[in-house]
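Notes for the one structure printed next.
The values are calculated or read from the model by the stated rules, or taken from the named source; none is laboratory data. As the structure is a computational prediction, the values presented were derived from the model and not from experiment. Backbone-built Cβ (ideal geometry, glycine too); neighbour counts: all protein chains shown. For accessibility, only protein heavy atoms count, side chains too; no ligands or nucleic acids. Shrake-Rupley method; radii C 1.70, N 1.55, O 1.52, S 1.80 Å.
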Amino acid sequence: MKQSLLFVPTLKDAPKDAEVKSHKLMSRAGLIKQVASGIYTYLPLGYRVIRKIEEIVRIELDKIGASELLMPALQPKDLWDESGRWEKYGPELMRLSDRKDREFCLGPTHEEVITQVVRDYVTSYKKLPLALFQIQTKFRDEMRPRFGLMRGREFIMKDAYSFSESVEDLDVWYKLFTKAYIDIFARCGLDTKIVSSDVGQIGGDEADEFMVMSEVGEDTITYCMSCSYAANQEHSGLADGDVCPVCGGTIKTAKGIEVGNIFKLGTKYSSSMNAKFAARDGSLQPIIMGCYGLGISRTLMASVEQHSTEDGIVWPFEIAPFKVHIIPINLDNEDQKTCSNKIYDDLKMNGIDVLIDDRSERAGVKFKDADLIGIPYRVIVGKDASDDLVEFIDRTTGEKKIIKSTEILSYI
Ligand code: ATP
Ligand code: MG
């Protein structure tokens with residue numbers, strides 16, 4: 001992609017309400033633009049990263065045998081009455097009515113709709129197990145939208161649901177999703193801790209959260225210094241210095257950002273919404289369900305929070321909007337122009353996402369923008385271009401070297 005054509009509205013100053021580093025950088029680097037409190041436009045560069053994260057999620061969920069569908073955001077009240085959540089959900093549910101005064105909500109989550117989808121088709125154990133997922137915009141009228149995409153009122157989530165004939169089979173899905181989540185977050189460059197959580201609003205039997213340790217996290221995690229015990233403080237009630245309930249070690253606390261959340265729902269929705277199947281013994285049983293949420297837009301935010309300095313982002317390779325950023329110092333110089341165009345064409349031909357700064361800006365401006373945008377590999381084409389030599393920078397390690405332009409591919 002040519003930078004002259006890419007819409008990247010970088011800013012000198014962050015918006016006044018941006019409190020945390022990632023929110024400041026995402027605004028300054030031209031990744032997102034606020035429309036209203038907790039509501040954002042994903043600008044081209046930010047949306048490229050969203051699509052990369054979504055692609056990783058799709059690949060990893062495909063591996064465990066979950067299939068993708070897309071449910072509506074607009075959901076009728078009747079379904080929420082069936083589950084009893086129309087009354088229970090409270091002011092976070094965005095409610096509206098149509099021209100005939102029928103009531104609807106904008107989905108904050110999709111247990112009701114997915115149960116309605118499945119109950120008419122899955123009437124026998126022969127059609128189980130089943131796992132379905134979607135990547136979709138969710139709506140929640142959060143009391144305190146903040147930190148940019150971290151707590152939005154409209155945000156992108158991957159939500160998945162599993163359907164089993166037995167608790168043993170639910171266990172299998174729970175483990176498969178746990179593994180998939182570990183792989184997804186690792187590929188997004190995030191180090192996550194799995195903590196046991198309170199089941200809260202959704203309700204059910206067992207739940208775990210995937211946390212990215214961070215000072216700006218809104219959750220407090222209690223964990224043991226000696227064993228793998230970790231729990232959300234809301235759930236454990238433990239504090240710094242307490243004794244670990246598992247091994248007797250010392251408990252510590254830290255802040256975390258919740259990027260994913262998995263639940264064993266059991267029969268909460270299938271019972272109330274009458275999703276039953278004929279079991280092997282001929283009896284009619286409610287389907288045993290699990291649900292698995294992952295915040296796509298929050299993952300983007302957490303990744304920027306972890307992989308940045310005050311001056312700019314350094315994208316983890318797999319989710320970087322582009323992998324290589326070519327910066328010609330002076331495009332009026334024929335050697336530099338030819339050399340950078342050749343590198344650009346070569347990389348493109350090899351299927352590498354490459355951005356070339358072909359704008360007629362001063363080198364200083366180009367470097368400042370490049371630091372902000374944070375593409376992992378940078379190629380600077382300067383006066384040695386006549387000898388086919390360029391500067392190659394690995395932004396993750398900070399390593400710089402002068403190499404032949406033809407060597408670039410072997411470094412990536
Ligand atoms: P939180 O405790 O942060 O409000 P939650 O328990 O309400 O999260 P879930 O309903 O389990 O979250 O949603 C699944 C995932 O969606 C969360 O793990 C998180 O990554 C993401 N998410 C939830 N609420 C928001 C929001 N307001 N903005 C952005 N992402 C969100
Ligand atoms: Mg919430």
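Things to note:
- Selection of segment 212-228 for residues being at pLDDT 90 or above and either in contact with a Pro (Cβ under 7 Å, 6 or more places away or on another chain) or part of a loop (DSSP other than H, G, I, E, B) (or both) yields S214, E215, V216, G217, E218, M225, S226, C227.
- Condition broken by M273, with the remaining ones in (1) open to solvent by less than 20 Å² (accessible area, probe 1.4 Å); (2) under 26 Å from the mean Cα position of the chain (by Cα) satisfied: (2)
- Residue satisfying condition, being within 23 Å of R298 (Cα to Cα) and away from ligand 2 (no atom under 16 Å from the Cβ), within set M150, M143, M71: M71
- E209 in a helix (DSSP H, G or I) and either within 16 Å of ligand 2 (Cβ to nearest atom) or among the polar types (S, T, N, Q) (or both): no
- Filtering Y292, Y269, Y181 for residues that are within 15 Å of ligand 1 (Cβ to nearest atom), within 26 Å of G148 (Cβ to Cβ) and assigned to a helix (DSSP H, G or I) leaves a single hit, Y181.
- The single condition from (1) at pLDDT below 95; (2) open to solvent by less than 10 Å² (accessible area, probe 1.4 Å) that G30 fails is (1).
- Pair list, Cβ under 9 Å, 6 or more apart: segment 85-112 residue among the aromatic types (F, W, Y), other residue open to solvent by less than 20 Å² (accessible area, probe 1.4 Å): W86/L79; W86/W80; W86/L93; W86/C105; Y89/W80; Y89/C105; Y89/P108; F104/Q75
- Subset of segment 119-137 that is charged (D, E, K, R) and without any contact (Cβ under 8 Å) to a residue 60 or more places away in the chain - its residue that is nearest to ligand 1 (Cβ to nearest atom): D120
- Among the conditions (1) without any contact (Cβ under 8 Å) to a residue 12 or more places away in the chain; (2) surrounded by 20 or more Cβ atoms within 10 Å (Cβ to Cβ), the only one that G351 does not satisfy is (2).
- Note on segment 54-146: enclosed strands (runs of 3 or more DSSP E) holding 1 or more residues that are charged (D, E, K, R) are 94-97, 103-106, 130-139.
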